[in-house]
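The structure appears below as structure tokens.
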Amino acid sequence: MTDWPALLKVTIALFAIVNPIGSIPIFISATDGWSRQERAKTAKTVAITVFIVLAVSAFLGDKILDFFGITIPSFQVGGGILLMLIAISMMHGKQSGTRQTPEEAQTMAERNVIAIVPLSIPLLAGPGAISSMIIAAQQTSSFTGHLSLIAPIFIIAIIIWLVLRLAVGISLKLGTIGINIVTRLMGLILAAMAVEFVAHGLIGLFPKLAS
């Protein structure tokens, strides 16, 4: 039986972490001078890349953790701290260094790879989103449960495609202030979820905390 409330929660968390609206200024800057068709093609490539990266994280993330000998509670605490750092940065209206470094920003001049790096990785499908998917996958042990995670990933990929396709129009409508407001709201939601991840991880590491 599909746990729809849990999938909705995963979808909201992914939307807050990925924050496609907050990435609009970077997308516009990276594709400055490009034709409408070129921007549309790039938006499609970005959406597909994000979908693949997050889907692979959901299905193979647990195996990666097993390979490195990392326990789920430890990963929940580490992932929660990472999400909190991103959330704090978002609430200050800035792009976090955990999503994009100055060196990665310089690669925007390379038009052939811009849709992959840095727009898809790490700007949208960054460490925070990947960590979130691994944690979500760990909360269900069945193949059907893992497969159900494709739904929120697909929804987020479609949203990314639509937002980037309409990036110029959205930017004109919202303006810098509007985009910053949305980013701060997403940061607040993400901060609350980060606290929950850390709390669950600490209870797993120290069971006595639950008593």
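Assorted remarks:
- Rounded percent of accessible protein surface that carbon and sulfur make up, the chain, 1.4 Å probe: 70
- Å² per residue, accessible surface of segment 104-211 at 1.4 Å: 52
- Ranked by the mean number of other Cβ atoms within 10 Å of their residues, highest first, the peptides 5-15, 21-31 come out as 21-31, 5-15.
- Take segment 1-40 with all the other protein chains still there, run a 1.4 Å probe, and you get 53 Å² of accessible area per residue.
- Ordering of 121-134, 162-175 by burial proxy (mean other Cβ atoms within 10 Å per residue, highest first): 121-134, 162-175
- Degrees, to the nearest 10: 4-18 long Cα axis against longest axis of the chain: 50
- Segment Q139-M91, length gained on full extension (0.36 nm per residue, minus Cα span): 14.5 nm
- Rg/Rh ratio calculated on Cα atoms of the chain (Kirkwood radius): 0.98
- Cβ-Cβ distance of D3 and S35, R₀ of 41 Å, FRET efficiency by 1/(1 + (r/R0)^6): the value works out to about 0.40.
- Computed on the Cα trace of segment 119-188, the radius of gyration divided by the Kirkwood hydrodynamic radius gives Rg/Rh = 1.06.
The values are calculated or read from the model by the stated rules, or taken from the named source; none is laboratory data. Since the structure is predicted, the reported quantities are computational estimates derived from the model, not experimental observations. Cβ coordinates were reconstructed from backbone atoms using ideal geometry, including for glycine residues, and neighbour counts include every protein chain displayed. Note: accessible area is taken over every heavy atom of the protein model, side chains too, but ligands, DNA and RNA are not part of it. Shrake-Rupley method; radii C 1.70, N 1.55, O 1.52, S 1.80 Å.
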